[in-house]
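Read the figures in this text as sums done on the coordinates, not as results from a lab. As the structure is a prediction and not an experimental result, all values here were calculated from the model. Using ideal geometry, Cβ is built from the backbone for each residue, glycine included, and neighbour counts are taken over all protein chains shown.
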Amino acid sequence: MSTGLAACGGLTPGGSAGAPASSGPVSTELPTGSATLTIVSSENSGTTKALAEAFHTKHPNITVDFQYTGVDDYDKSLNLKLSSGSAPDLALLNKLGTTVRAGLVRSLDPYAQAYGWDAKYPSAELDQWRAADDGRQLGTGHLWAAPAGFSVVGVYYNKDLAAKLGIAPPATRADFDAALAKAKAAGELPVQLGNLQGHSSFIVQSIVDATDGAARTSDWVNGKAGATIRTPGGTDAANTLADWAKKGYLPDGANGTDLPGSVADFTAGKGLFLFDGSWDAQKLDKSAHGRVGFIPFPGTGDKATGIGTSVAYAIPAKAKNPDLAAAFLDFMNTPEAAQIQFDTGFLPVAHADQVKTDPDNVMSEVAKGWAAVNKDNGLVNFFANSTATMNDTLTSQSQQLIAGKTGPDQYLDALQSDWTKGHQ
């Protein structure tokens, strides 16, 4: 499962998008005779396959042909497959990219209206799969794909260590800062971190999202003209990362440790907090069952925010069964689908409050955090996905900031410079 740093990127900046594929009249009626729905995907956690089996059980006359291809080969061959005379009915989009510009996928706007998706999904979930016709901005324009399951980043905490130090799960930023200071004073590591691949961006973005709010931060991630990282949240985040490094709140050698290494250290009891995604929840639970908790990063306001994105499916322009494909997309936001998504490692598209969980498994707390983020429409796509080169910039600049070789102002300048070049 993705760590969130592999770009789900958008259209090539400055590219010209073709007109949305015409879908003509749409129908929400399912076929009464036998029919086959063909799905191509690079998702290997079993989520889509399990959803397909459940859909077939509910509609026995419909056979679902799920075709899996490894992600590298899948992305390389997708456009050719979509443009062929044997295009599938649904295709996973790992990025919007040229599939949209070339007119290879349909606008889902008519289906969104027919099924009432705008009322079923928090807008932040669908907006990640919208793009303007000219390709300059994401988060607006036509809807090109619908989500099948999400990952979200928040803060894991060591329950045993927190109890030993008399620290309750922080509800505010002030509580969080106080917990860090208390852990350090007790000789414990406040924040576990592996920054070899730039995962300090989880810390930075969590602070920005919580301080500035999801809408403002999403404008920057999506490339809205005039957006900037030089906001109160951006300034606070850069200063905070530098400050935590100077105070010894981060582990020595963080820049030489990867994310799996930091997860292993955290489950071994090294660190009060760990900023990480839901994709590592099962690993954490296996190593430290009942001893790990999860919260959305607490901000200064009362709105929950979280970094995250989804696997999502589009209907190809040449799909033979577009109405049936749309019915499957709609099935993905039902309570039945929510349990399947959760059981296979993703967070539900909707109805997170209805999933059955083991209360001692940290995934149950992740689900509660996810529900809070959705309630407050607080989901923001990863900073690393804002441009094709932002992940590299986040990595190199954060390593220098943590090492004291650059300052917060220079760090923000580098991020904004990359953003500007990527959205010219």
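For the chain, averaging the sequence separation of C-alpha pairs within contact (under 8 Å, six or more residues apart) and dividing by the residue count gives a relative contact order of 26 percent.
For Asp353 and Leu80, the FRET efficiency from 1/(1 + (r/R0)^6), where r spans their Cβ atoms and R0 equals 41 Å, is about 0.45. Taking label positions 7 Å along the Cα-Cβ direction at both Lys320 and Asp160, the computed distance is 5.8 nm, reported to one decimal. Distance from the C-alpha centroid of segment 317-367 to that of segment 146-182: 26 Å, rounded to the whole angstrom. Its Cα centre serving as origin, segment 113-256 has a Cβ charge dipole (Lys and Arg +1, Asp and Glu -1) of approximately 280 debye. Step through the table entries Lys76/Lys224; Lys120/Lys375; Lys81/Lys320; Lys247/Lys283, compare each Cα-Cα distance with 18 Å, and write down the pairs that go over it. Exceeds cut-off: Lys76/Lys224; Lys247/Lys283. Counted residue by residue at 0.36 nm each, then reduced by the alpha carbon distance between them, the extension gain from Asp73 to Thr28 reaches 12.9 nm. The calculated FRET efficiency for Asp252 paired with Asp392, based on their beta-carbon distance and R0 = 22 Å, is about 0.35. The long axis of helix 47-58 is offset from the longest Cα principal axis of the chain by roughly 40 degrees. When the square roots of the Cα gyration tensor eigenvalues are ordered a ≥ b ≥ c, the ratio a/c for segment 287-424 is 1.5 or more and a/b does not exceed b/c, which makes its shape oblate. Summing Lys and Arg as +1 and Asp and Glu as -1 over all other residues whose Cβ lies under 9 Å from the Cβ of Tyr111 gives a net charge of -2.
Placing +1 on the Cβ of every Lys and Arg and -1 on the Cβ of every Asp and Glu, with nothing else charged, gives the chain a dipole about its Cα centre of roughly 320 debye. Proximity of backbone amide H atoms, modeled 1.01 Å from N, is registered between Val152 and Ser278, Trp279 at under 5 Å, excluding neighbours fewer than 5 places apart on the same chain.
The mean sequence separation of alpha-carbon pairs under 8 Å and at least six residues apart, normalised by the residue count of segment 179-237, gives a relative contact order of 31 percent. Specify which residue in the list Gln397, Phe202, Ala174 is farthest towards the positive end of the charge dipole of the chain, using unit charges on the beta carbon of Lys, Arg (+1) and Asp, Glu (-1), about the Cα centre. It is Gln397, whose Cα lies furthest towards the positive end. Bridges between two residues of the chain, per DSSP, are antiparallel at a rate of about 65%. Approximating the spin labels as points 7 Å out from Cα along Cα→Cβ, the Gln113-to-Asp343 distance works out to 3.7 nm. Residues whose amide H comes within less than 5 Å of that of Phe66, counting only those at least five positions distant or on another chain, are Ile39 (H built at 1.01 Å from N in the peptide plane). Sorted ascending by nearby beta carbons within 10 Å, beginning with the fewest, Thr98, Thr257 become Thr98, Thr257.
Given H placed on each backbone N at 1.01 Å, which residues far from Arg106 in sequence or on other chains put an amide H within less than 5 Å of it? Amide H neighbours of Arg106, under 5 Å, 5+ apart: Ile315, Ala317.
Do you know the relative contact order of segment 217-323, to the nearest whole percent, from alpha carbon pairs under 8 angstrom that are 6+ apart? Relative contact order for segment 217-323 comes out at 9 percent.
Sequence-ordered 3J(HN,Hα) estimates for segment 180-193 from the Karplus curve with 6.51, -1.76 and 1.60 and θ = phi - 60° stand at 4, 5, 5, 5, 4, 5, 8, x, 9, 6, x, 10, 7, 7 Hz, glycine and proline given as x. The distance linking segment 278-293 with segment 57-129 is 32 Å (Cα centroid to Cα centroid, whole angstrom). Summing Cβ point charges (Lys, Arg +1; Asp, Glu -1) relative to the Cα centre of segment 265-424 gives a dipole of roughly 200 debye.
Direction-averaged projected area, Cα convex hull, segment 220-335: 12.5 nm², rounded to one decimal.
Residue-wise HN-Hα couplings along segment 290-295, as the Karplus relation 6.51 cos²θ - 1.76 cosθ + 1.60 with θ = phi - 60° gives them from phi, are x, 10, 10, x, 8, 9 Hz; Gly and Pro carry x.
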